[in-house]
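Student: Sharing a structure, written as structure tokens. Questions coming.
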Amino acid sequence: MKLSFAILSLAATASAFTPSAPARSVSRVGGSSVLAPVPVRAAGTQLEAAKQTPHGGKLVDLILKSDEEKKAAMAKCNKELQLTPRQLCDTELIINGGFSPLTGFMDEPTYKHVVDNVALPDGLIFGLPVVFDTDDEDLQPGDIVLLKDGDRPIATVEFTDKYLPNKAYECKKCYGTSEIEHPGALMVATERGKYYMGGKLTGLNLPVRDFPCKTPAEVRETLPDDVDVVAFQCRNPVHRAHYELFTRALDDPLVGAGGVVLVHPTCGPTQADDIPGTVRYKTYEVLKEETHNDRTRWEYLPYSMHMAGPREAIQHMMIRKNFGCTHFIIGRDMAGSKSSVTGEDYYGAYDAQDFAKEKGPELGVTPVPSLNLVYTEEEGYVTADEAKERGLHEKKLSGTKFRQMLRGGEDIPEWFAFKSVVKVLRENA
């Protein structure tokens, strides 16, 4: 029997994934003060000519440009707080436009609408709520707080409301379960504070990270404006099968001629047993140098994983839309998770693909189903269907066996992993 979700004990009986909101134009965003888009500051740049329109029609940029503006903003603060690693990622993606059209943490009505409808109150699709959590009883609406990462000021937030979320209901709707065996539900129960607070952000500085994370505007300036851009999301080192998968995606009939791939790994907090972001970053950098593929671009995303399966697939697509991508590769069991007790999958292998296909036209991003590739002795990497039809001999290496070989200093077959990646993993074990 699975553990009961003690912290989130209130029963939540609603279905995990709600019907989609009616299709709508995304040329404008109405209403709430934390949703209104901010005009792009870099007028006349490549950004305006980018093939993909930012989510909501405008790319948010909340980062103040002059020292005088920053000093004036900080002078208004009556308190300061240290951001947790997850809060730091969310703050960065709000102020740099990655979460466009958000301009702050969600207030209670916005939070509830996203949880229930996978959409903002005006109907614009949005995968998961973005909230500021706290246990601080003294924080109140009206407080203007300086948010810091160590000694570095990152943003100010003017809090608009403070509310007690129904965490069990949130998890049931967003993750499909409120059991703490799910890593996202465990995060909500044990990492997030008792209260959520809405508030409008003003950006001061981007965090200093071991992996440089360009803003959506900066990434857009590097992308072609006349071909499709296919995003590939990952949170693990890229091995041979991954590389074959995202390079072959350019041949998919859904992708126009001359398209490029943006490999856009998340380097923020994730599951407890995942490889740390700083190590993952090193593996990506050596692989980028080893492959030298003109049709492949590499950038890094300061995003905190929820392992929310279908709902998180929508969140990833929406973020990459803001970074200029027109297409998004959806893998089998994307952002999936297993029970920490039984080992059973929480989502079906194709749930994320199906949900992405349903929401893709409304979102304005085309999902590209990933190929199910296997390695064969005769032909190298081919699809599993082709291997079966032709009677080819497959070679397999499980993730568990790979890690055992890695720790034991055994030779890793080159058909499975790049030598440069293996070297980094061993040096940082």
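The values are calculated or read from the model by the stated rules, or taken from the named source; none is laboratory data. Quick caveat: nothing in here was measured; it's all calculated off a predicted structure. Note that we place each Cβ from the backbone using ideal geometry, even for glycine, and neighbour counts take in every protein chain shown.
Student: Has the range 396-403 got at least one residue that is surrounded by 15 or more Cβ atoms within 10 Å (Cβ to Cβ) and free of Cβ contacts under 8 Å to residues at least 24 places away in the same chain?
Tutor: Within the range 396-403, one or more residues are surrounded by 15 or more Cβ atoms within 10 Å (Cβ to Cβ) and free of Cβ contacts under 8 Å to residues at least 24 places away in the same chain.
Student: If you check VAL279 against the conditions, is it more than 18 Å from GLY98 (Cα to Cα) and surrounded by fewer than 23 Cβ atoms within 10 Å (Cβ to Cβ)? Break it down into steps so the answer makes sense when it comes.
Tutor: Values: more than 18 Å from GLY98 (Cα to Cα): yes; surrounded by fewer than 23 Cβ atoms within 10 Å (Cβ to Cβ): yes.
Considered against the rule, which asks whether it is more than 18 Å from GLY98 (Cα to Cα) and surrounded by fewer than 23 Cβ atoms within 10 Å (Cβ to Cβ), VAL279 comes out as yes.
Student: Inside the range 149-174, can you point out the residues that are under 22 Å from the mean Cα position of the chain (by Cα) and either closer than 26 Å to ASN96 by Cβ or part of a loop (DSSP other than H, G, I, E, B) (or both)?
Tutor: Correct list: ASP149, ILE154, ALA155, GLU170, CYS174.
Student: So ARG86 passes all but one of these: (1) at positive phi; (2) surrounded by fewer than 24 Cβ atoms within 10 Å (Cβ to Cβ). Which condition number does it fail?
Tutor: Tallying (1) at positive phi; (2) surrounded by fewer than 24 Cβ atoms within 10 Å (Cβ to Cβ), ARG86 fails exactly one: (1).
Student: On to the next question. For the condition crowded, with 18+ Cβ neighbours inside 10 Å, at pLDDT below 95 and in contact with a Lys or Arg (Cβ under 7 Å, 6 or more places away or on another chain), what is the one hit in VAL34, VAL26? Talk me through it step by step, then tell me what you get.
Tutor: Working: VAL26 fails: in contact with a Lys or Arg (Cβ under 7 Å, 6 or more places away or on another chain).
Checking each option against the conditions leaves just VAL34.
Student: Also: I'd like to know if the range 276-289 contains one or more residues that are among the small types (Gly, Ala, Ser), in contact (Cβ under 8 Å) with a residue 40 or more places away in the chain and in a loop (DSSP other than H, G, I, E, B).
Tutor: Within the range 276-289 (the criterion being among the small types (Gly, Ala, Ser), in contact (Cβ under 8 Å) with a residue 40 or more places away in the chain and in a loop (DSSP other than H, G, I, E, B)), the answer is no, since none of the residues qualifies.
Student: Which residues, taken from the range 332-389, are acidic (Asp, Glu), out of contact with any helix residue (DSSP H, G or I) (no Cβ under 8 Å at 6 or more places or on another chain) and under 30 Å from ILE319 (Cβ atoms)?
Tutor: Within the range 332-389, GLU344, ASP345, GLU358, GLU362 meet the criteria.
Student: Looking only at residues that are among the basic types (Lys, Arg) and under 17 Å from ARG152 (Cβ atoms) in the range 69-78, which one is nearest to the chain's Cα centre (by Cα)?
Tutor: Only one residue fits best here, namely LYS70.
Student: Here are some residues: GLY142, GLY127. Which one is out of contact with any helix residue (DSSP H, G or I) (no Cβ under 8 Å at 6 or more places or on another chain) and either surrounded by 19 or more Cβ atoms within 10 Å (Cβ to Cβ) or not assigned by TED's automatic domain parsing to the domain that holds PRO302 (or both)?
Tutor: GLY142
Student: List the number of the failed condition for ARG311; all other conditions in (1) buried (at least 21 other Cβ atoms within 10 Å of the Cβ); (2) modelled with pLDDT under 95; (3) among the charged types (D, E, K, R); (4) closer than 26 Å to ASP354 by Cα hold.
Tutor: Exception for ARG311: condition (2).
Student: Same structure again: Give me the pairs: first residue in the range 199-222 and under 25 Å from ASP161 (Cα atoms), second residue part of a loop (DSSP other than H, G, I, E, B) and aliphatic (A, V, I, L, M), beta-carbon distance under 7 Å, and six or more apart or on different chains, which are they?
Tutor: Note: pairs meeting the criteria are LYS200/VAL34; LEU201/LEU62; THR202/LEU62; THR202/LEU64; GLY203/LEU62; GLY203/LEU64; LEU204/LEU64.
Student: Let me ask something else about it. Sort through MET187, MET197 and tell me the only one that's surrounded by 19 or more Cβ atoms within 10 Å (Cβ to Cβ) and in a strand (DSSP E or B).
Tutor: Of the residues listed, the single one that is surrounded by 19 or more Cβ atoms within 10 Å (Cβ to Cβ) and in a strand (DSSP E or B) is MET197.
Student: If you check ARG192 against the conditions, is it outside the structural domain of TRP415 (by TED's automatic domain parsing) and assigned to a loop (DSSP other than H, G, I, E, B)?
Tutor: yes
Student: Mind listing just one residue for me: the one in the range 285-303 that is among the hydroxyl-bearing types (Ser, Thr, Tyr) and either farther than 28 Å from SER420 by Cβ or surrounded by fewer than 21 Cβ atoms within 10 Å (Cβ to Cβ) (or both) and, of those, farthest from the chain's Cα centre (by Cα)?
Tutor: The residue in question is THR291.
Student: Let me ask something additional. Can you pull out the residues in the range 56-83 that are without any contact (Cβ under 8 Å) to a residue 60 or more places away in the chain and surrounded by fewer than 24 Cβ atoms within 10 Å (Cβ to Cβ)?
Tutor: GLY57, LYS58, LYS65, SER66, ASP67, GLU68, GLU69, LYS71, ALA72, ALA75
Student: Filter the range 203-236 down to residues that are aromatic (Phe, Trp, Tyr) and more than 25 Å from ALA356 (Cβ to Cβ), then give me how many there are.
Tutor: Residues of the range 203-236 aromatic (Phe, Trp, Tyr): 211, 232.
Filter once more, keeping what is more than 25 Å from ALA356 (Cβ to Cβ): 211.
The number of residues fulfilling the criteria is 1.
Student: Checking ASP116 against (1) surrounded by fewer than 21 Cβ atoms within 10 Å (Cβ to Cβ); (2) touching an Asp or Glu at 6+ places or on another chain (Cβ under 8 Å): exactly one of these is not met. Which one?
Tutor: Status for ASP116: all satisfied but (2).
Student: Kindly indicate the residue of the range 370-427 that is within 27 Å of the chain's Cα centre (by Cα) and of a type in the set (A, V, I, L, M) and also modelled with the lowest pLDDT among those meeting that condition.
Tutor: LEU371
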